[in-house]
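Notes for the one structure printed next.
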Amino acid sequence: MTETATRPVPGAPRAYHFPPFERHALDNGLTVWLVPLQGRALVNVHLVLDAGAAAEDAARAGIASLTAQLLVTGTKRLDATRFAEATERLGLEIGSESSWDSARASFGALSEQLEPALALLAEMIREPRLEEREFERLKAERLADIMQSRADPGRLADEMFIRSLYAEGVAYARPAAGGPGTVAGLNIEDARAHHATHYRPGSGHLIIAGAVEPDSAMKAVREQFGAWNGSGPGHQLVEPTAAGRRRVVLVDRPGSVQSELRVGQVGIDRADPRFFRALVMSTLLGGMFWSRLNRRLREELGYTYGARAGFDPRRSAGPFLASAAVQTEVTVAAIRELLGLVEGIREAPPADRELREAKDFLIGIFPLRFETTGGLASAIEPLAVYGLADDYWQTYRAHIEAVSTDDVHRTARELIEPDRLVVLLSGDAATLRDPLGDAAFGPVEELRPEGAAAPPGASGA
């Protein structure tokens, strides 16, 4: 067996051309995107509407998620059992979900089933059953999931981090699927009202990718969706106000042998002109296996199985986050390393080789997301939701390649603000409280999950 002392050098990436697509507008405001692909047997359809979490009222947080889930439990004509049988007969993989910026109903099918599948999708969206029994079942599942998340250190840290990052009243300070305080008070009438108000074709997008003939596909779309009408109020603008300056937030998990670490601040929105520079910078820092965070915390120090960092841009500025899970005894040392690496990327431009590795990684994985018709349909969504340019995917690699070492350095200095970093850790407070105070990373406060009792001797919210 031949051994080598150096890592293999990646070869030049092969050319990739995103398939051409068509865009059509129906009279009711629905935009139809067609991505015809020859030689494929499958077709994927995504209906994207402005009915995500940013469209809901704070008092009804979680209703967007529950309403989306409820859609696949039947229509006025078909109860849950008959609806499931209808999808099975057509061989459909059908689903519905919501995110912050949109709600999506989608299916994958054989191309010859496109017309009846579109008819079932239209029926599901336009005439959903919205049955109280199914709503209460889904609501109970969501509340149980919230309780389970309290026992999952990673999920708990993620939730407490955003709660600590954004100011009180900012929508992004809560999970997109809602918290126990609001979900518990939701009822079927809330779901019916959300559907009636937000599931409308105006400003909606229907994406069809796969083995389709454009003329016949548009004929089927007009037959099923042409008579649908109305426009919703759209999303509410989120003002991404930060909760405060730099501080350390401790979430107690008594007896925990590990600590979940989160370090970050408010990041960028999806329209930020620095998007590609921020993407390369965060990849270099913690977005690939050989990133600075993973190399130091995992490979050199052995503190963690993996460390990562990245931005979550939305219509408004989502979080920038660096994270790792470590043993309790190295928690303070790991925070010191994590902070040093996050802040250190501001100090000097990266080496040419380091930048090359990050760009090669992003350019190399780029075509993988388009291997399936579902991946291609998903790729159209950011163009539809955020209004990105039609040539976005064609020019993606060129934008990555254009990022220089000076770009990375300048972007890090602009976007990473040491005096605004929030350090959150979920772990055994009795063991960590005093060492954290001695480490002087910033003022220490303790936070507990919504609905949880305060542990003895704890301070804070």
Rounded to the nearest 10 Å², the accessible area of residue 199 at probe 1.4 Å: 10
Reciprocal of mean inverse Cα separation for the chain (Kirkwood radius, Å): 24.1
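Can you give the extra length, in nm with one decimal, that the chain gains between residue 368 and residue 25 once fully stretched, where that is 0.36 nm per residue apart less the Cα-Cα distance?
On the way: separation 343, 0.36 × 343 = 123.48 nm, distance 2.98 nm.
Here the answer is 120.5 nm.
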For segment 295-340 versus segment 376-408, the gap between their alpha-carbon centres in whole angstrom: 27
Whole-percent pair-distance distribution, where bins are 5 Å wide, for the alpha carbons of segment 1-153: 2, 7, 12, 15, 16, 13, 9, 7, 6, 5, 3, 2, 1, 0
Acute angle (nearest 10 degrees) that the helix 373-386 long axis makes with the longest principal axis of the chain, alpha-carbon atoms: 80
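Based on DSSP H runs of at least 4 residues, each adding -39500 (n - 2.57), what is the mean residue ellipticity at 222 nm of the chain after dividing by all its residues, to the nearest 500 deg cm²/dmol? The partial results should precede the final answer.
Details: 15 runs with 176 residues, N = 461.
Roughly -12000 deg cm²/dmol at 222 nm, from the helical runs in the chain.
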In Å, descending, principal axis extents of the Cα set of segment 220-285: 60, 35, 26
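At a 1.4 Å probe radius, which order do 405, 197 fall into by accessible area, largest first?
Numbers: 405 30, 197 60 Å².
Accessible-area ranking of 405, 197, largest first: 197, 405.
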In Å², nearest 10: area of residue 311 left accessible to a 1.4 Å probe: 40
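Let me check something: with ligands and nucleic acids excluded, how do 393, 290 order by accessible area (1.4 Å probe), largest to smallest? Before the final figure, lay out each step's value.
Values: 393 20, 290 85 Å².
Of 393, 290, the descending order of accessible area is 290, 393.
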Inter-probe distance in nm under a simple model that places probes 7 Å from Cα toward Cβ, at residue 417 and residue 333: 3.3
Using alpha-carbon coordinates, inclination of helix 114-126 to the longest axis of the chain, degrees: 70
Accessible area of the chain belonging to carbon and sulfur atoms, whole % at 1.4 Å probe: 50
Per-q log10 I(q)/I(0), segment 331-403, q = 0.27 Å⁻¹ (Debye; single scatterer per alpha-carbon; no solvent): -1.20
For segment 216-319: relative contact order, % (alpha-carbon pairs under 8 angstrom, 6 or more apart): 30
Positive-pole candidate from 316, 195, 25, dipole of the chain, charges at beta carbon: 316
Stretch in the chain that is longest and holds no trypsin sites (Lys or Arg not before Pro) that DSSP places in a loop and that have at most 13 other beta carbons within 10 Å: 246-461
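If you filter segment 309-380 for GluC sites (Glu not before Pro), then keep DSSP loop positions with at most 10 other Cβ within 10 Å, what is left?
Numbers: sites: 329, 337, 343, 347, 354, 357, 371; in loops: 347, 371.
Passing both the DSSP loop test and the Cβ count: 347, 371.
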Rg and Dmax of segment 113-160, Cα atoms only, in Å: 17.2, 45
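Any idea what the dipole of the chain comes to, in debye rounded to 20, about its Cα centre with Lys/Arg Cβ at +1 and Asp/Glu Cβ at -1?
On the way: 51 positive and 63 negative charges, 70 e Å.
Computed charge dipole of the chain: roughly 340 debye.
Viscosity 0.890 mPa s, temperature 25 °C: Stokes-Einstein D of segment 195-253 from its Kirkwood Cα radius, in µm² per second? Don't skip to the end; give the middle numbers.
On the way: Rh = 16.2 Å.
The calculation lands on 151 µm²/s.
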Kirkwood-based Rg to Rh ratio, segment 6-77, C-alpha trace: 1.17
Accessible surface of residue 396 - all protein chains present, 1.4 Å probe, nearest 10 Å²: 10
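Just the accessible area per residue of the chain, please: how many Å² with a 1.4 Å probe?
Working: 20610 Å² over 461 residues.
Per residue, the chain has 45 Å² of solvent-accessible surface.
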Degrees separating the helix 331-344 axis from the principal Cα axis of the chain, which is the longest one: 70
Column: log10 I(q)/I(0), Debye, Cα scatterers of segment 70-135, q = 0.28 Å⁻¹: -1.30
Nonlocal amide H pairs with residue 241, under 5 Å, H built at 1.01 Å: 167
DSSP beta bridges in the chain [antiparallel fraction, %, rounded to 5]: 75
Vicinal HN-Hα couplings computed from phi for segment 301-311 (Karplus, 6.51 cos²θ - 1.76 cosθ + 1.60; Hz; Gly/Pro x): 9, x, 7, 8, 7, x, 10, 8, 8, x, 9
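The values are calculated or read from the model by the stated rules, or taken from the named source; none is laboratory data. Predicted model, so just to flag it, every value in this text is computed and none were measured. Neighbour counts run over all protein chains shown; Cβ positions are idealised from the backbone, glycine included. To get the accessible areas, we keep the full protein, side chains included, count just its heavy atoms, and leave off ligands, DNA and RNA. Shrake-Rupley method; radii C 1.70, N 1.55, O 1.52, S 1.80 Å.
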